[in-house]
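Laboratory data are not the source of any read-out in this text; all were calculated from the coordinates shown. On a predicted model such as this, the values are computed, not experimentally measured, just so you know. Reconstructed Cβ throughout: ideal geometry from the backbone, glycine too, with neighbour counts over all protein chains shown.
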Amino acid sequence: MTNAPFVVMKAVAKRWNGQLGVEDISLDIDEGSFVALLGPSGCGKSTSLRLLAGLEIPDEGQILIDGRDVTTSAASDRNLSMVFQSYALFPHLSVAENVIFGLKVRRVPRAERAKKMKRALQITGLEGLEHRKPGELSGGQRQRVALARAIVAGQRLCLMDEPLSNLDAKLRNSVRKDIKKLQRDLGITVIYVTHDQTEAMSMADKVVLMKDGRIQQVGTPDDLYNRPANTFVAEFVGAPPMALIQSSVLGGFDASLTLGLRAEHVSIVSKGEGQLSCTVSEAEFLGSETLIGLSHEGTVGLSVLQPGLALLDEGTTVDIAFDAANLHKFNQEGDRMSEV
Amino acid sequence: MNTVLRYIEPAGAILLAVIWISPLMFAFWAAFHSTSDAVNFNLFSAWTLDNFRTAWDGAPWLRYFLNTFLLVTVVLIGQFILTTLAGFAFAKLDFPGKNFVFILVLMQLFILPEVLIVENYAMVSRLGLFDSILGVGMPYMASAFGIFLMRQSFKSVPIELHEAARIEGCGLLGILWRVYVPLAKPTYLAYALVSVSTHWNNFLWPLIVTNSPETRPLTVGLSIFGAPENGVDISVISAATMMSVAPLLLAFLLFQRQFVQAFLRAGIK
């Protein structure tokens, strides 16, 4: 394997009649990695994926796949596969015909087709359903057919556009593990679009967080959670999200800074011993712990986690303490400042 | 009041049905009886097949059947090719002036084919297709109704299927053939039914543009056979009529359920 990245996007932009598409997307993706494009709806993550797939042609910039410039190539020439949010199975074809659709189009000999299909169905656990029509399958099975179609040709790059969003929560968890295992076993590169940070954080080697058509941060899940590049990332990643506190509230810091603080670094202490005195705004029992939302002037999203069932009445005043080392510092523009 | 209303509707429907089917019933009755028995409605008279024998010997029916069959086939094939391609272009491709051209096509729906008979006649003559089956079928191939129908049907195909096929390596015509056409099957079936019955029954245009028994379809042959100068024999003409409508009638009775379903699925009523 060469050191050059497998997929490269260089300053790619796509605009629609003044509406926001994506701007200045630059991305290097290594072969065999699992990359998640994460962000709120309308942030341009799906557009980025469609640009990679060749379903849209960028207005600016360059896209390289496996060292080849494919900026304006047709989708069929890019040697990739794609799983759609709606699965996009052909309703008039059986499971088997759906899976080998691409092989047939590309005139792969019949014997090889049968062999590849058998393997793909084996991997995705679809044996015995070959002759069913998509309309006769459950949501989970349809999803697996879409996966089988994506892996059958042995393409090294697979794009997935929110493939789990039509599944119920329980199934989503198990399929998430299946997809991750599949990606590792086959050694393929997966670029995965999602608005669900749990999916992105649990599956991806690298997360690309986007907002309003621009990349906010590229990094490992650890980077995003523990070293957010700006206040948007801080507030988007994690449940509960990072609390933001105006530095003037705490004192001892330069004015006009924003300080970030995760709930797990906050503790409730007896009156008079804490750094900040807040009012309880809500208390939510999560099972193993209780999430207590706090409000104080100049803070957003301040909360604390207490083990077990520890509900507090709304309006109660509590004192909280935290270690200053756990504070994240952001400048006036909201960008992260190097560690002080 | 309500009970009266409940009976009026079905009674009206039955009355309409009886009025509608009575010519056919009479032709059926007359075809199997001698002329005097037929017009006198002599219910106990003997049934006979003589009329069919006389009618069959009176004209080259086999040739007419073949001509009509060839005609509807040629028209249907031409229509399928043209309406598929045009409908796909209007539904899924972008080209300058698309909406304007589509409106022009739709305007064809407002023009009765009979209005164009002279122009079509001149056109077919210029093409050297006068008195040929292709000449009879040609003016109907670019059917506005068909183009509109295919466009609607193709438009309802989800764009994801188009994109998935693109990624799997299909070209534009490949996508049309492998995705759009199979998904529009009910529409094709319903349209074929309309087209075949229309052109099986079409009379005026084939009458004008055909000249010889070799190209004449059933309808024209039948009218020449029943023309007053050949002597009017109600029973024999009825027998000939029964022969000409039999294939379509039988096909409809046999495949009634499929036809109705095709119409429902294609959304035409």
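Table for the structure above
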read-out: Dipole-positive endmost among A:Gln155, A:Met210, A:Val175 within chain A (Cβ charges, Cα centre); value: A:Gln155
read-out: Exercise: per-residue mean of other protein chain Cβ atoms within 10 Å, A:67-75; value: 1
read-out: Principal-axis tilt of helix A:169-186 within chain A, Cα atoms, nearest 10 degrees; value: 60 degrees
read-out: Choice from A:Val70, A:Val269, A:Val190 showing the highest fluctuation, given a GNM over chain A with Cα pairs closer than 10 Å; value: A:Val269
read-out: Residue mean of other protein chain beta carbons inside 10 Å, B:154-164; value: 5
read-out: Simple Cβ-charge dipole of region A:235-330, Lys/Arg +1 and Asp/Glu -1, about Cα centre, in debye nearest 20; value: 220 debye
read-out: Separation of alpha-carbon centers, region A:287-340 and region A:61-85, rounded to whole Å; value: 44 Å
read-out: Aspartates and glutamates with Cα under 16 Å of A:Lys177, excluding same-chain neighbours fewer than 8 positions away; value: A:Glu162, A:Asp168, A:Asp185, A:Asp196, A:Glu199, A:Asp205
read-out: Residue order, fewest to most surrounding Cβ atoms within 10 angstrom, among A:Met337, B:Met141, A:Met203; value: A:Met337, B:Met141, A:Met203
read-out: Estimated 222 nm signal from helices in chain A, with DSSP H stretches of n ≥ 4 weighted -39500 (n - 2.57), rounded to 500; value: -7000 deg cm²/dmol
read-out: Angle between chain A longest axis and helix A:139-151 axis [Cα atoms, degrees, rounded to 10]; value: 70 degrees
read-out: Sorted by Cβ density within 10 Å, fewest first, the residues B:Val194, B:Val105; value: B:Val194, B:Val105
read-out: Euclidean distance of C-alpha centroids, region B:12-38 and region A:93-172, integer Å; value: 59 Å
read-out: Ranked list, fewest to most other Cβ atoms within 10 Å of each Cβ, for A:Lys10, A:Lys170; value: A:Lys170, A:Lys10
read-out: Chain B - charge dipole about Cα centre, Lys and Arg +1 at Cβ, Asp and Glu -1, debye rounded to 20; value: 900 debye
read-out: Filtered GluC sites (Glu not before Pro), region A:52-121: DSSP coil and at most 11 other beta carbons within 10 Å; value: none
read-out: Proximal lysines to B:Lys98, defined as alpha-carbon separation beneath 29 angstrom and excluding residues fewer than eight positions away on the same chain; value: A:Lys14, B:Lys155, B:Lys185, B:Lys269
